[in-house]
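The values are calculated or read from the model by the stated rules, or taken from the named source; none is laboratory data. Note that the structure is predicted; figures quoted are calculated from it, not measured. Here the Cβ positions follow ideal geometry from the backbone for every residue, glycine too, while neighbour counts run over all protein chains shown.
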Amino acid sequence: MGLLVILWNIIKVIGLIVLVVFLLLVLMMLLILFSPICYQIAGNDRESINGKFDVKWILGAIHAYGDYGKEGLRFSLRLFGLCIYGADKKQKKKKEKQKKEEYTQEDVMLSARSKEQDIVEQKQEENAEEVVEEKIKKETIQKTEQKVEQEQKTEKTIQQHSRQKLSDIEDIEKENKKESKKESKKEKKQKKRAKKAVKSKKTKQKRVKRDKKENKKKEKLKFYANYFWNMEDKKELVQGIVVFCKRMLKGVAPKHCCLKATVGTGNPALTGYVLAAVGALHMKFGKGLQVTGDFTQKVIKDVFLEIKGKIMLGYLLYAVLRLVLLKPVLQTIKVIWKGQGE
């Protein structure tokens, strides 16, 4: 009975751990799919082209932001409030360096004073050491001169013996080289012929492989073209793709858009068409669009742009699944997966 109770308790603990891990994974999936990616872009061209952008995801845990101006593009990335990459991290490093430099200047002043004292003490020690070193040098010079004389004598005897041996070896090597040259010429000719034969075989094999691949591609294209041409549910497939595109645009499109500008194309008729197109967009964005026309010149000035929106990954995944679950799409996926009905 005691063993059964212990086993039951172990199973309970393992079950709780598995349940907690599963719940955490589900929670992470829900956060990824249903926490919106909030984005915001703003810019103008009053003095020069300036702009800002800000992107937040998973309740601000992932935060990317930056700006563009005369200094160029500056970008920063934060995870759970900590700056991982970007301009903010570089600024922190610069401040830390400045603090270190301030501390080091104080240390230099203190070390300079202590160095002056050390230099005076070193000079006194060096004067005493120089006298001892001179005596040691004289003794070493005498010993080295004696060694050099002995070495010179031994070298002369060794050189005489080595010259005689070298002359004998050179004669033998000359005879061997003559024989090896004759053999090497024959071997080189044979190797060249073998290399040419191998290269020709390889080139033929490559050509055959290329031709096979090209023929397979052509056959696949013909097969897919015939399949789509003779497809029964063409209309349903086209309608599904159109609905999918609309859903994707709806999921990505900004909820708020503000644009103020004066536009001129240089052609009064064209500027009129542009203003008419902007008027049609008034239905979607309302007072946010304020575009005035300049019928005298070709110009774009006094631009102010602000865009805000949200992207829900769960909605985009829903749009993809709705497209994939259509009958004609499932059939085409099966056909592509199987190839040409093999």
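Residue by residue, here is whether (1) assigned to a strand (DSSP E or B); (2) in contact with a Leu (Cβ under 7 Å, 6 or more places away or on another chain); (3) among the aliphatic types (A, V, I, L, M); (4) under 30 Å from TYR39 (Cβ atoms) holds:
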| site | (1), (2), (3), (4) |
| --- | --- |
| LYS206 | no, no, no, no |
| LYS209 | no, no, no, no |
| LYS217 | no, no, no, no |
| LEU221 | no, no, yes, no |
| ALA225 | no, no, yes, no |
| LYS235 | no, no, no, no |
| GLY251 | no, yes, no, yes |
| LEU259 | yes, yes, yes, yes |
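Only a single criterion out of (1) modelled with pLDDT under 90; (2) under 20 Å from the mean Cα position of the chain (by Cα) is not satisfied by HIS63, namely (1). Only one entry in GLY264, GLY288 is touching a residue at least 12 places away in the same chain (Cβ under 8 Å), touching a Leu at 6+ places or on another chain (Cβ under 8 Å) and at negative phi, namely GLY288. The set of residues in segment 261-311 being closer than 29 Å to PHE53 by Cβ and in a loop (DSSP other than H, G, I, E, B) consists of ASP294 alone. Of all residues in segment 66-84, exactly one satisfies the criterion of being within 19 Å of the chain's Cα centre (by Cα), within 29 Å of GLU47 (Cα to Cα) and without any contact (Cβ under 8 Å) to a residue 12 or more places away in the chain, namely LEU73. Consider segment 212-262 and keep the residues that are surrounded by 10 or more Cβ atoms within 10 Å (Cβ to Cβ) and of a type in the set (Phe, Trp, Tyr). The one that is farthest from VAL324 (Cα to Cα) is PHE223. Looking only at residues in segment 1-56 that are aromatic (Phe, Trp, Tyr) and out of contact with any Asp or Glu (no Cβ under 9 Å at 6 or more places or on another chain), the one that is modelled with the highest pLDDT is PHE22.
Scanning segment 277-331 for residues that are β-branched (Val, Ile, Thr) and over 23 Å from THR262 (Cβ atoms), we see that the one that is surrounded by the most Cβ atoms within 10 Å (Cβ to Cβ) is VAL329. Scanning segment 303-317 for any residue that is free of Cβ contacts under 8 Å to residues at least 60 places away in the same chain, closer than 30 Å to MET29 by Cβ and under 33 Å from the mean Cα position of the chain (by Cα) turns up nothing. Please count how many residues of segment 200-224 are touching a residue at least 12 places away in the same chain (Cβ under 8 Å) and not aromatic (Phe, Trp, Tyr). Qualifying residue count, segment 200-224: 2.
Please verify whether segment 320-337 includes one or more residues that are outside any helix (DSSP H, G or I) and of a type outside the set (A, V, I, L, M, F, W, C). The answer is no; no qualifying residue exists.
Cβ separations smaller than 6 Å between residues 6+ apart or across chains give the following pairs from segment 30-43 residues that are more than 14 Å from GLY60 (Cβ to Cβ) to residues that are outside any strand (DSSP E or B) and aliphatic (A, V, I, L, M): LEU33/LEU313. Of all residue pairs spaced 6 or more apart or on separate chains, those with beta-carbon atoms under 8 Å, a first member in segment 225-237 that is over 12 Å from THR332 (Cα atoms) and a second member that is part of a helix (DSSP H, G or I) are GLU236/LYS327; GLU236/PRO328.
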